[in-house]
Amino acid sequence: MPSKKISLYECLNAKVGKDIYCSKGHKLGDRGTVTILQWKRGEPLVYEICQKCHDFNRMGEPILPEDRGWV
């Protein structure tokens, strides 16, 4: 059984400013940040850097896909 991928929805280091970024300085995606629009659409926000991150700080249980983003 494959392990579940870590999402920015789960990490306390994910911060929101003009965009969503990692407070520990890790580059997310090609731009280094994630747009608010991606979050509003409820996109997965799963990045390879997060999967092996030694700074990952789980904020709690994962958010179900149907509860992500805005209606």
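Just so it is clear, none of the values below were taken in a lab; they were calculated from the coordinates. The structure displayed is predicted, hence computed values, not measured ones. Neighbour counts run over all protein chains shown; Cβ positions are idealised from the backbone, glycine included.
Below are the figures for this structure:
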| quantity | calculated |
| --- | --- |
| Cβ-placed point charges (K, R +1; D, E -1), dipole of the chain about Cα centre in debye, nearest 20 | 180 |
| Fluctuation leader among ASP55, ASP30, ASP19 - the chain, Gaussian network, Cα springs under 10 angstrom | ASP30 |
| Ranked LEU37, LEU45, criterion: other C-beta atoms within 10 Å, fewest first | LEU37, LEU45 |
